[in-house]
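No lab work stands behind these numbers, since they all come straight from the coordinates. Just so we're clear, the structure is a prediction, and the values are computed from it rather than from any experiment. Because the Cβ atoms are built from the backbone with ideal geometry, glycine has one as well, and the counts that use them run over all protein chains shown.
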Ligand SMILES: CC(C)(COP(=O)(O)OP(=O)(O)OC[C@H]1O[C@@H](n2cnc3c(N)ncnc32)[C@H](O)[C@@H]1OP(=O)(O)O)[C@@H](O)C(=O)NCCC(=O)NCCS
């Protein structure tokens, strides 16, 4: 995988500080297996902020760290990009390649499922998420990816729309379980 780093200077406002006073450098890079514990904490922050948690936090962090370590290993179907500031992860975006059945026509043989997209609250609205999304889309352009799919939240639709995502009327979904 290409682990080339993009250094981006951005203005990040800490919650209680004025925007003009607080500039922070952040870096977008591919995640490594050693990021798994921090990535599990970001996952917990994302999912616990949107619903009722039923699993003890420590149990979840252990289970999720193990899963992430395993799934970040090179050669798998999962990719992850992180935003790092002052040696701390402040955001992440995960992508899973979804294999298609071999096709005798000249069509790319993967789709990409984009998920677990999160930026710490204090850093939102400063372009961190957009930079990660750009990295993921650029990566797809270098692979055999046909389409990128995702489930947006109401608030994040504008971000995806700016990058060309559109609601389609030829895609169907069947909900098997309420979540
Ligand atoms: C979505 C998210 C990863 C974007 O990262 P970001 O660094 O804030 O994004 P950028 O600064 O590059 O772009 C700003 C855009 O992000 C989206 N955004 C900003 N705050 C958001 C929030 N609290 N929740 C969801 N989306 C948000 C909006 O589309 C915004 O554009 P707009 O202000 O023109 O409408 C980040 O806001 C976040 O973690 N939100 C909470 C979790 C979430 O909703 N994840 C996505 C689920 S599909």
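Worth a mention:
- Among 113-122, 50-59, sorting by the average number of other beta carbon atoms lying within 10 angstrom of each residue, highest first, gives 113-122, 50-59.
- Mean Cβ neighbour count within 10 Å, used as a protection proxy, ranking 173-179, 60-66, 159-165 highest first: 60-66, 159-165, 173-179
- Contour minus Cα-Cα distance for residue 53 and residue 154 (0.36 nm per residue): 34.2 nm
- Highest mean packing comes first when the peptides 128-137, 148-157, 38-47 are listed by Cβ atoms within 10 Å, giving 128-137, 38-47, 148-157.
- Helix 57-71 and the longest principal axis of the Cα set of the chain meet at an angle near 50°.
- Model label sites at residue 170 and residue 77, defined 7 Å from Cα along the beta-carbon direction, differ in position by 2.4 nm.
- Distance between modelled label sites at residue 109 and residue 67, nm, 7 Å Cα→Cβ extension: 2.8 nm
- Tilt relative to the chain, helix 128-141 - C-alpha long axis, 0 to 90 degrees, to 10: 30 degrees
- Distance between the stretch 149-164 and the stretch 52-93 - C-alpha centres, whole angstrom: 22 Å
- Computed E for residue 178/residue 98 - FRET, C-beta separation, R0 35 angstrom, nearest 0.05: 0.90
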